[in-house]
Amino acid sequence: MKRRHVGWIAGAAAAVLVAAGAITYAVAEDRTGGPAVRTPGAESADAGFARGMAVHHQQAVEMSYIVRDRTQNAEVRRLAYDIAQTQANQRGMLLGWLDLWGLPKVSEKPPMAWMGMGDMPERGDGSLMPGMATDTELRKLQSLNGKQAEILYLQLMTDHHRGGIHMAEGCVAKCTVGVEKRLAQGMVDAQQGELQVMAQMLKERGAKPRS
């Protein structure tokens, strides 16, 4: 992969982290002295997205740190680091918003119920939402090294991003808190760009996305 792609990822990740801090501040200001904002309900799209994406992001962070220990390839390690840092930061924001709103971080309803997908069958084996890897796939990633680990990581993260984009698009359409909708749109834009980069990285390794 050409270095300009890696540079673009690093720059985009830095921009997301800066924006994330501003968005967190904006939500806090709404609650402490800014314009009056209606607090979302526990079963709202805003709360459902925050809970679901926090879980989704946590697995992306986990996979990224796994592959950093399984390969010495600088480009894959840099991509994994950028994804881990960005999504860990966003996860903290999402959980922080739930605290600000005084809402629970878990729900008895299925993860995608807020999108009208509560009756969607789970993939099982630890995969709770679209795009999430199974426990078996994570164990396989932990067992591989070098190019094989890189390929599986890129394939799993491609699936993960596709599922994340679908969920973020749902928030853009259904959430009511403006800053959360903007964060969701930022996720869509950033992850679509990373999908293109990962497709090129897979091609360079003689592989392609799983679907």
- Item | Pick from segment 39-67, criterion of a type in the set (D, E, K, R) and at pLDDT 95 or above, ranking: least open to solvent (accessible area, probe 1.4 Å) | ASP46
- Message: Looking for something of a type in the set (A, V, I, L, M) and over 24 Å from ARG51 (Cα atoms) - is there at least one such residue anywhere in segment 187-198?
- Response: yes
- Based on what the data block shows, is GLN191 of a type outside the set (Ser, Thr, Tyr) and in contact (Cβ under 8 Å) with a residue 40 or more places away in the chain? no
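The values are calculated or read from the model by the stated rules, or taken from the named source; none is laboratory data. Since we're looking at a predicted model, the values are computed, not measured. Note: ideal-geometry Cβ built from the backbone for every residue, glycine included; neighbour counts use all protein chains shown. Only protein heavy atoms, including side chains, enter the accessible area calculation; ligands, DNA and RNA are left aside. Shrake-Rupley method; radii C 1.70, N 1.55, O 1.52, S 1.80 Å.
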